[in-house]
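Okay, structure first, notes after.
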Amino acid sequence: MIPGIAVLAEKFRVPICIALVLGVWQIVFVLGVVNEKYFPSIPTIAVAFGQMLTDGSVIAAWATTFLRALIGLIGAALLGVALAIVSDLSPILSRGIRYVSDVLQPIPPAAFVPMAVFMLGLGSKLYAFVIILVTVWPPYLNGVAALAGVGPVQLNTGRMFGLTNWGLLWRVKLPAALPEIFTGIRYAATISLIAVIVSEMLAGRDGIGFMIFKKAFAMRTPEVFGLMFLVAINGVLLNGLVNLLRRGLTGWHMRMMERSE
Amino acid sequence: MTRQTRIALWGLLVPLAILALWQVAAMLQRTPLFPGPGKVALAIWANYPVILRELGITLLRAVVGFGLAAVTMIPLGIFLGRVRVIGRVLEPLMDMLATLPPPAIIPLVMLFAGTGDGAKVVIIAYAAAVPLLMNTYEASHSIHPMLSRVARSLHLSRFETMRLIDLPSSLPMIATGARLAIASSLLVSVTSEMLLATNGIGTFLQRSQETFKIDAGLAGIAFISLAGIIVNAGVFRLEKNWLFWHYRDQRPAE
Amino acid sequence: MAKIIRRAVLGGVAVAALVGSSLAAWAEDAKLTVAYFLADSMLPALYAQEKGYFTEAGLDAEFIAVQGGPAVVSAVAAGEADVGYAAPVPPINGRLNGVPVKMFLQLSQEVAPDKTYTWLVASGASGIKDLAGVKGKKIGFNANGGLCELMWRDHLATVGLTMDDVETVVLPFPEQEAALEQGNLDATCTINPFHASMGGNANLGAVEIATGTLADLSTPLMNDALFASEDWLAANGETAIKLAQVMDRARKELLADRTALEGAAVQFMELTPEAAKSFSLPIVNESMVITAADVQRILDAMVKTGMHPGPLDGAEFVSELKY
């Protein structure tokens, strides 16, 4: 491939991806596989979305949802990494936490929400609980695997420099584990958005999830899909943030990987 | 007693402490809508035949959905990780598709796949695809540069490189992805049954909750957990057996 | 000495704060949180809130929209809301399972022949022409243990069928029309605006096979209820009466003023202005008073159709409120 095109394509990758999705959608619409009533065209969706934008309701809802997901993600990531570190230090706690994660991980948020409402009400505590409960595992699992996977050469080198166990953890293991932990956080970012929207759809009073639910009940299909596209773009935004943070924290790793090209 | 069993036994204290806290909280609340572990145990005893039957349906769907995702997403992930331009350009697309929550895409999937098994399998495959694709992509795109140089000096073709170098060296991370994907297959299998309710454990959960039989619902959740633990243990076994070389290399110091 | 002064100052501040806060509390309106499932007959409440009628009556009201009747009961049971609004079956089921709630007002009713607000609709392609034709087919309803399940059970019983003779799919109202049109459902239980939309869909060829929650609607049947926990009702009788009076005022205004009604439907239910033109409030009884006999009819139907083994006494589920 001509390098110029490749560079250009990479530079405009977000618009390219959006165009791709919209294009495929429009083709399905033109083919007329399903009734237009349930599967509106892109221009119809765009007009509906534009109207929601002008009355401002969608922006407030979006901000609420995005903020919830972001706060939940930060909490879950910190907790997950903390749990991974604790697990690395104490084999007994490691085993104990693993028991709990094994039990909780397979439970869907949709099953948690109706239960949690009784204990935590419909407010921010509910969101915090649900999001952290489903989001904490990827950073934790990746963290445990990565901390355990730090190579003996690196560890022995650290020991040779006279690092204590703490020093070893802080200056050798954690930096070496960060790239894999970030893969976990990146995955957690998507789950946290999903968990927020699911909670909003099931027990919400505001936010994008609730708006989708409400528009569906008013039979405003174009608006529903407009909001769905917004959710999809949220994913890109949140991942962009995580990637920025990763570049800041694990830039050395990325540079090392890029040098090979 | 070996060190391993001692650790395993002491570790049990953590979940036991949580159970005790739950029991105390339930006793303080004293409403049937917040049953403690004791009540749930009784509900398990009363409902287990139904739960097991429904769980079977759920697991079967999860397996089919995961299988579908695995055979398509692992090769795709390696391909995207290798042919970097395409991978990088399509990264936002993966992010976009990954963030759509199953409840939001269910109405859309229903338009094309109906309300039956087909629709649920599609949704499960979709959810399982995310961690598989991401981890495979991430793994094969961050392969140590030295390995690429080795491949080059051996004059391997692109396809040979993918099969002989990328796949094995990505396996540990793919395994992590698979573990997450298996968890989310089970999870979404349950969710899809709650939202397109025909049968399965998700439908059982929904019915329990909508008729305020919270203890029965929690009994169902307990079985989902149990299924998750058994599946995870199985996956862990397989991982240990297949990736023994990875674990061996990791732990020579001890 | 300094110590004493400090204590005196601190004490004074504490007393002032106490007096201040209790004064503020005294001047404050009574708090009232209502959890509701958005439906036609809730419009007057939302309209009254918008117009400030609750504040005028000395109520500091807050409305929380929740998805589905069982969620409303959960919110009330958890103390998250004082009052809940839902179809009657969820609070009945809640009470049967140990949630101590009682219904104290009813907002809407159905009566034959023309004031019915629930429908059983079959798709043209299913070949179903009447209730008996449903046997062995795929039928939909929006939630377990709700009014729609009761409706299916009661109407099927009139032709000698039970839920075991059909395949059931629980699907939210908005997704049912597409499911019908594409053959994923053969028949479903629906409400407005979805019913109207199905009627206007030529591809669907909708066939109406029954209407009204119960087969026998010779007298008005309650269609929903406001409910609260026994404790709340015992302690807040006055607040409940004020709530009823404000609702009454808003209902009368909306029934008398078509423009205001359509405006409210567009604003709160997000109907399109065209859809709002055919909108009407499902009100048969002018009074919102609920009696044990009203609930007994629903309980009897639940027992008759096997939703509950029975026997059930309507008086236990009602706390009659005169306003």
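The values are calculated or read from the model by the stated rules, or taken from the named source; none is laboratory data. Nothing here was measured: the structure is a model prediction, and the numbers come from that model. When we count neighbours, we look across all protein chains shown, and the Cβ atoms used for this are built from the backbone with ideal geometry, even at glycine. Heads up: the accessible areas ignore ligands, DNA and RNA and are worked out on the full protein's heavy atoms, side chains in. Shrake-Rupley method; radii C 1.70, N 1.55, O 1.52, S 1.80 Å.
Rounded to the nearest 0.05, what FRET efficiency do C:Thr272 and B:Val235 give with R0 = 35 Å and r taken as the Cβ-Cβ distance? Could you check? List each step's numbers first, then the result.
Working: r = 51 Å, r/R0 = 1.45.
Given R0 = 35 Å and the Cβ-Cβ separation, E is 0.10.
Excluding ligands and nucleic acids, what accessible area in Å² is computed for B:Thr2 using a 1.4 Å probe, to the nearest 10?
80 Å²
In debye, nearest 20, what is the charge dipole magnitude of the protein assembly as shown about its Cα centre with +1 on Lys and Arg Cβ and -1 on Asp and Glu Cβ, if you could check?
The dipole magnitude comes to about 3980 debye.
Report the normalised scattering of the stretch B:24-117 as log10 I(q)/I(0) at q = 0.23 Å⁻¹, calculated by the Debye formula with identical scatterers on the alpha carbons.
The Debye formula, applied to the Cα set alone, gives -1.18.
Nearest 10 degrees is fine. How inclined is helix A:57-89 to the longest principal axis of chain A, computing both from alpha carbons?
Its long axis makes an angle of about 20 degrees.
First measure r as the distance between the Cβ atoms of C:Arg258 and A:Asn156, then evaluate 1/(1 + (r/R0)^6) with R0 = 51 Å and state the FRET efficiency to the nearest 0.05.
On the way: r = 84 Å, r/R0 = 1.65.
That gives a FRET efficiency of 0.05.
Add +1 for every Lys or Arg and -1 for every Asp or Glu among the other residues with Cβ under 12 Å from the Cβ of B:Ala26, and state the total.
Value of the local net charge: +1.
Looking at chain B as a GNM with Cα springs under 10 Å, which of B:Asp95, B:Asp215, B:Asp166 has the largest mean-square fluctuation?
Taking springs between Cα atoms under 10 Å, the residue moving most is B:Asp95.
How large is the translational diffusion coefficient of the stretch B:59-200 in µm² per second when you combine the Kirkwood radius over alpha carbon pairs with Stokes-Einstein at 10 °C and 1.306 mPa s?
100 µm²/s
With point charges of +1 on the Cβ of Lys and Arg and -1 on the Cβ of Asp and Glu, referenced to the Cα centre of chain C, which listed residue (C:Ser74, C:Gly205, C:Met42) lies farthest in the positive direction of the dipole?
C:Ser74
Counting helices only, and only those DSSP H runs with n ≥ 4, report the 222 nm mean residue ellipticity of chain C as the sum of -39,500 (n - 2.57) divided by its residues, in deg cm²/dmol to the nearest 500.
-13000 deg cm²/dmol
What relative contact order, as a whole-number percentage, does the stretch B:49-247 give when Cα pairs under 8 Å and 6 or more residues apart are counted?
30 percent.
In the stretch B:1-93, which trypsin sites (Lys or Arg not before Pro) are in a loop and have at most 13 other Cβ atoms within 10 Å, using DSSP for the loop call? Don't skip to the end; give the middle numbers.
Numbers: sites: B:Arg3, B:Arg6, B:Arg30, B:Lys39, B:Arg53, B:Arg61, B:Arg82, B:Arg84, B:Arg88; in loops: B:Arg30.
The qualifying sites are B:Arg30.
Using 7 Å Cα-to-Cβ label points, what is the B:Gln29/C:Asp60 separation (nm, one decimal)?
2.7 nm
By the scheme Lys and Arg +1, Asp and Glu -1, what is the net charge of all other residues having a beta-carbon under 12 Å from that of A:Gly207?
On the way: positive: A:Arg68, A:Arg205, A:Lys214; negative: A:Glu200, A:Asp206.
So the environment of A:Gly207 carries a net charge of +1.
Hey, in the protein assembly as shown, which Cys have no second cysteine's beta-carbon closer than 4.7 Å?
A:Cys17
Test of the criteria: in the stretch A:8-84, which chymotrypsin sites (Phe, Trp or Tyr not before Pro) are in a DSSP loop and have at most 16 other Cβ atoms within 10 angstrom of their Cβ?
When the chymotrypsin sites (Phe, Trp or Tyr not before Pro) of the stretch A:8-84 are filtered for loop state and at most 16 Cβ neighbours within 10 Å, A:Phe12 remain.
Once Lys and Arg get +1 and Asp and Glu get -1 on their Cβ, which of B:Val63, B:Ile124, B:Ser153 lies farthest toward the positive end of the dipole of the stretch B:49-247?
B:Ser153
Given a Förster distance of 45 Å, report the FRET efficiency between A:Phe12 and A:Arg205 from their Cβ-Cβ distance, rounded to the nearest 0.05.
Efficiency for this residue pair is about 0.70.
Placing +1 on the Cβ of each Lys and Arg and -1 on the Cβ of each Asp and Glu in the stretch B:1-153, which of B:Leu12, B:Gly77, B:Phe34 has its Cα farthest towards the positive end of the resulting dipole?
B:Leu12
With charges only on Cβ, +1 for K and R and -1 for D and E, what is the dipole size of the stretch B:55-158 about its Cα centre, in debye, rounded to 20?
The dipole magnitude comes to about 440 debye.
Shape verdict for the protein assembly as shown, please, from the Cα gyration tensor: rounded (a/c under 1.5), prolate (a/b greater than b/c) or oblate.
The shape class here is prolate.
Tell me the mean residue ellipticity at 222 nm calculated for chain B from its helices only (DSSP H runs of n ≥ 4, each -39500 (n - 2.57), averaged over every residue, nearest 500).
Value at 222 nm, helices only, nearest 500: -28000 deg cm²/dmol.
Which whole-angstrom value gives the distance between the alpha carbon centres of the stretch A:126-167 and the stretch C:215-246?
With the stretch A:126-167 and the stretch C:215-246 each reduced to a Cα centre, they are spaced 56 Å.
Taking DSSP loops as anything outside H, G, I, E and B, show the longest stretch in chain C free of trypsin sites (Lys or Arg not before Pro) there with at most 14 other beta carbons within 10 Å. If you can, show how the numbers build up before the last one.
Numbers: sites that count: C:Lys129, C:Lys135, C:Lys322.
Longest stretch, sites excluded: C:136-321.
With a ≥ b ≥ c the root eigenvalues of the C-alpha gyration tensor of chain A, is it rounded (a/c under 1.5), prolate (a/b larger than b/c) or oblate? Don't jump to the answer; show the numbers that get you there.
Details: a/c = 2.87, a/b = 1.48, b/c = 1.94.
It is oblate, given that a/c is not under 1.5 and a/b is not larger than b/c.
Please work out the Cα center distance from the stretch B:12-71 to the stretch C:273-301, rounded to the nearest Å.
Centre-to-centre distance over Cα atoms comes out at 39 Å.
Helix B:214-242 against the longest principal axis of chain B: what's the angle in degrees, Cα atoms only, rounded to the nearest 10?
Computed tilt is about 30 degrees.
Which values, in whole Å and largest first, are the semi-axes of the equivalent ellipsoid of chain C obtained as the square root of 5 times each eigenvalue of the Cα gyration tensor?
43, 22, 18
Which pairs break 27 Å Cα to Cα here: A:Lys215/C:Lys31; A:Lys37/C:Lys277; B:Lys213/C:Lys135; A:Lys214/C:Lys51; C:Lys242/C:Lys277?
A:Lys215/C:Lys31; B:Lys213/C:Lys135; C:Lys242/C:Lys277
Using the scaling law 2.2 N^0.38 Å as the reference, what is the normalised Cα Rg of the stretch C:119-211?
Taking the Cα Rg and dividing by 2.2 N^0.38 Å, one obtains 0.94.
Obtain the nm distance between the two label points defined at A:Val30 and C:Ala132 by a simple spin-label model: each point lies 7 Å from its Cα along the Cα-to-C-beta direction.
It is 5.1 nm.
Let me know the charge dipole size of chain C about its Cα centre in debye, to the nearest 20, where only the beta-carbon of Lys, Arg (+1) and Asp, Glu (-1) is charged.
Magnitude of the dipole: close to 800 debye.
In chain C, which longest range has no GluC sites (Glu not before Pro) that are both DSSP loop (not H, G, I, E or B) and surrounded by at most 10 other Cβ atoms within 10 Å? Please report the intermediate quantities before stating the final value.
Values: sites that count: C:Glu28, C:Glu286.
That gives C:29-285 as the longest site-free run.
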